[in-house]
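Heads up: the structure comes next, in structure tokens.
The values are calculated or read from the model by the stated rules, or taken from the named source; none is laboratory data. In this text the structure is predicted, and so the values were computed from the model without any measurement. Ideal geometry is used to build each Cβ from the backbone, glycine not excepted, and the neighbour counts take in all protein chains shown. Note: areas computed on protein heavy atoms with side chains; ligands, DNA, RNA excluded. Shrake-Rupley method; radii C 1.70, N 1.55, O 1.52, S 1.80 Å.
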Amino acid sequence: KKLGICIALLISFFSANAEEILVGGTLTEDLVFTSENVYIVYKDLRIPEGITLTINAGVTVKIDQGRGILVLGGNLLVDGQQNNEIDSIHFVPNHLDRFDGWKWKGISYTGVAGVNNKISYANIVDAEIAVDIYNSTGVIIENSCILNNQNIGVRLYNSKDCEINNCLFQDNYDGIEMVATNGEETSGNLVKGCVLKNFNHNIYLLKAFGGMFMDNLIKLNLIEDGNNGIWMDNGGGEAFGRNMISKNIFINNDYQDLFILPTLLPNCM
């Protein structure tokens with residue numbers, strides 16, 4: 001059922017009559033993207049604290065080379081389901097030629113605190129890092145397809161209580177990365193019900209020296225066809241806390257299904 005949903009999300013037809021609207025810079029008031037238009041991000045689109053960008057079902061957002069959407073303490077609400085009907089939202093590079101191979105920057109969160117930060121029923125393709133969550137809390141990504149991104153599908157960097165549910169990660173270099181750096185904490189995050197088919201690490205967990213990595217749950221995922229299924233790495237120092245990897249299915253990962261560096265072993269269950 002999950003794969004069927006993701007495949008359906010990828011099937012869309014862009015209206016030839018849609019008006020293209022250029023967007024960029026720092027938002028100074030709340031804004032809504034509607035499906036009557038195609039939006040072109042021609043320079044970084046910044047969402048500061050106290051501002052909400054809402055993207056309605058059926059919207060296509062095209063992003064120029066080297067540009068991205070930066071949530072800087074504000075809110076980004078992306079929901080491709082409206083009135084119980086799914087009309088997915090598309091984030092794609094603004095390629096002018098089908099042979100263009102460049103990537104756009106991606107969607108990044110810095111210093112946000114959940115509430116209205118959610119991506120649901122979206123396709124995010126051909127970015128450098130599709131979604132980069134940095135020092136943030138409570139971001140939700142669900143029912144989405146994250147495909148063909150240059151570096152990482154989703155990165156959780158010193159972030160807490162985020163959820164990644166029922167998503168397809170395919171043909172990215174790494175699927176999901178979770179990182180805790182010195183003196184910082186990555187905890188309480190959930191990865192559940194996803195399908196991961198990526199080139200290198202399907203899931204990469206890094207506790208750098210002095211980082212705190214605890215109470216994360218990776219559950220009920222299908223993890224296949226990567227160089228490694230799950231790679232867990234301790235950058236040194238004491239490992240403490242409890243993380244859980246439970247009821248996942250590993251298929252045809254080339255080197256290791258689950259690899260745990262010895263110093264991280266006490267931190268895992």
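General observations
- Order by protection proxy (mean Cβ within 10 Å, highest first), peptides 92-104, 210-222: 210-222, 92-104
- Fraction of accessible area attributable to carbon and sulfur, the range 149-189 (%, probe 1.4 Å): 28 percent
- Unsatisfied cross-links (Cα-Cα over 31 Å) in the set 43/207; 160/197; 207/247; 105/247; 118/197; 43/219: 43/207; 105/247; 43/219
- Amide N proximity, the range 166-198 versus residue 251 label position 7 Å along Cα-to-Cβ, cut-off under 13 Å: 195-198
- Correct choice for Rg and Dmax of the Cα atoms in Å that was computed from the model, options [x] 24.6, 76; [y] 19.6, 68; [z] 18.2, 59: [z]
- Sorted peptide list for 133-140, 201-208, criterion being average Cβ within 10 angstrom, highest first: 201-208, 133-140
- In the chain, Cα pairs under 8 Å separated by at least six residues give a relative contact order of 11 percent.
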